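The values are calculated or read from the model by the stated rules, or taken from the named source; none is laboratory data. Computed from a prediction, not measured in an experiment: that's the story for all the values here. Cβ sites come from the backbone with ideal geometry, for glycine too, and all protein chains shown count toward neighbours. Note: areas computed on protein heavy atoms with side chains; ligands, DNA, RNA excluded. Shrake-Rupley method; radii C 1.70, N 1.55, O 1.52, S 1.80 Å.
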There are 2 protein chains.
Amino acid sequence: MSLLTVGSVAFDALETPFGKTDKIIGGAATYITLSASYFAEKNNLVAVVGDDFPQSMINDLQQHGVNTEGLQIRQGEKTFFWSGKYHNDMNTRDTVEVQLNVMEDFDPIIPESYQDCQYLMLGNTAPAIQRTVIERLRTRPKLIVLDTMNLWIEIAYPDLTELIKQVDVLVVNDEESRQLTREYSLVRAAAKIRTMGPKTVIIKKGEHGALLFHEDRIFFAPALPLEEVFDPTGAGDTFAGGFIGYLAKTDNISFDNMKRGIIYGSAMASFCVEKFGAERIMNLTQDEIQARVSEFVKLSAFGFEEVI
Amino acid sequence: MSLLTVGSVAFDALETPFGKTDKIIGGAATYITLSASYFAEKNNLVAVVGDDFPQSMINDLQQHGVNTEGLQIRQGEKTFFWSGKYHNDMNTRDTVEVQLNVMEDFDPIIPESYQDCQYLMLGNTAPAIQRTVIERLRTRPKLIVLDTMNLWIEIAYPDLTELIKQVDVLVVNDEESRQLTREYSLVRAAAKIRTMGPKTVIIKKGEHGALLFHEDRIFFAPALPLEEVFDPTGAGDTFAGGFIGYLAKTDNISFDNMKRGIIYGSAMASFCVEKFGAERIMNLTQDEIQARVSEFVKLSAFGFEEVI
């Protein structure tokens, strides 16, 4: 089924204990659509860049089957830029510089050919922009998944809570879920978020995996234990892209299929951190993905099916 | 098969955001043997208390099938006492008071009837004491599991590393594994510990579950997501007791069976935190335990067995 992703396409400059990069392609929607490209057949992007954004990077997206008809290129303006530096533990980072540039007044225009969208992924950006996208779709998608971040909880809480009412799945990390609900227990945080609108809540816990909450059911997804995280940038977006891409491909939004979507998302995220930026998820084969998913099966199976 | 547990039997006084207790029964060996009592048939204890330790508490252990022949009662001396206060997040605590008392010169005497021990659980205490126990067993047990803590890594590192060489399984939490190896990645920490002696390493991550490392294989065990942790005291020991109790009962130390042992240990730990101290694990039924294990199965199964 048709997937629409809205979010940032950006330049990132990264520094980790393993090295640093010049400006490379980044942004939530970049990671989401690249990750989803291994699953979804119709992979539509709405985003904005400046005229400094190289055609070669747009070609990279297109070669992965990303439809860039909805990618606005604003003449005389510059692309969103973020640079960050990770601490030695790789779990925390400092933002070195942010230049909003074209994102400051991003107007998410939906091409007519995207109106058949069944799966909508609202990548991290201002809640007002995310809400505009929902309003501009003439038919409500079958599934709307929302990602957000601490910044919007702090500076756009009313907008965000209005938006949250309208989505099916909220994807946040553990700290964001606590910040949003003022509940320390993730079980309580998820329950509170479910009273705010979304039927389903996914709480990402990085190296500790992810939790999927749906009605009174919980799924505890493992993360692949890694010797080394080379660069965590984009791992959360890659996770979301694998998740919604798998759902769009299989066109099944049951709890059981969402579990499988989370395993695919986790597998994609485990690739993402192996190299700088999006390099690794630009160069994957279906065999590599299936092999990684098999590792997740072996990692968490304990042969107790008989006791259910 | 016969299980021998060595460690502290103590008085604890606890304070959590939910309330506080007077002196209640505590100590690593108490939690381990109570937890193991639901599995192991021969459940032998070596520990020491003072004459202030009430017979009623000894009766409680005995009623759970714990053999207290090896429990020394030292006249005119006082039982080990620990009091602690948990912070609001329940993940950190302050030690309010420690009185070593009889533990200061604990000499672990092994009753003759314990010499058939096949499974040995060295509960957290000084490495020199733990090592004495191994030396006093005429036949090496089939499996030796060692628990330790940050204190011994700090003040008894040479003793501890000598001891670690002699055990089959080391059980530590994530921070202890990092402190012991100076590796941040848990995969690397476990690999380094395995070069120090133990073939198998279990890293406990509290609410994030546990990792089991054995040769080149890893098992990622979930933890039950809880609305509320009432009192985490003893959860790690209860986990270890369920683990080794299950192995002793099934007399199978394969990787696959260790996975199941970890699920039983995790189930027991999830009960432990529901009430103060050992209260909950003193009052469990086999049906409750099986139902909890079924929850773990549902929590982590994702129906992808076909892709292995």
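Computed over chain A, the P(r) tail beyond 30 angstrom holds 27 percent of alpha carbon pairs. Per-residue ellipticity at 222 nm, computed for chain A from helices alone with -39500 (n - 2.57) per DSSP H run of at least four residues, works out to -11000 deg cm²/dmol.
Placing the label point 7 Å from Cα along the Cα-to-Cβ direction, what are the distances from B:Lys23 to the equivalent spots in the other copies, shortest first, in nm to one decimal? List, nearest first: 7.1 nm.
Here the dipole of region A:2-300 is about 980 debye; that uses its Cα centre as origin and unit charges on the Cβ of Lys and Arg (positive) and Asp and Glu (negative). Take each residue in B:291-301, count the other chain C-beta atoms within 10 Å of its C-beta, and the mean is 5. Around the Cα centre of the protein assembly as shown, unit charges on the Cβ atoms of Lys, Arg, Asp and Glu (plus for the first two, minus for the last two) sum to a dipole of about 680 debye. Taking every DSSP bridge with both residues inside region B:2-300, close to 40 percent are antiparallel. Ordered by solvent-accessible area of protein heavy atoms (1.4 Å probe), largest first, the residues B:Asp237, A:Asp52, A:Asp105 come out as A:Asp105, A:Asp52, B:Asp237.
Nearest chain A C-beta to the A/B rotation axis, reported as residue and distance in angstrom, is A:His208, 2.
Return the subset of A:Lys275/B:Lys204; A:Lys205/A:Lys259; A:Lys42/A:Lys205 for which the Cα-Cα distance in this structure is over 20 Å, preserving the input order. In this structure, A:Lys275/B:Lys204; A:Lys42/A:Lys205 exceed 20 Å between Cα atoms.
Ranking A:Leu143, A:Ala126, A:Asn91 by how far each Cα lies toward the positive end of the dipole of region A:40-154 (charges on Cβ) leaves A:Leu143 at the top. Across 10 Å bins from 0, what is the distribution of all Cα-Cα pair distances for region A:120-214, in whole percents? All Cα pairs considered, the percentages come to 17, 55, 25, 3.
Only one residue of A:Phe255, B:Pro54, B:Ile281 has its Cα farthest out toward the positive end of the dipole of the protein assembly as shown, where Lys and Arg carry +1 and Asp and Glu -1 on Cβ, and that residue is A:Phe255. Accessible area of B:Phe106 (1.4 Å probe, protein heavy atoms only, ligands and nucleic acids ignored): about 10 Å².
Considering only Cα atoms, the convex hull volume of the protein assembly as shown works out to 145 Å³ per residue.
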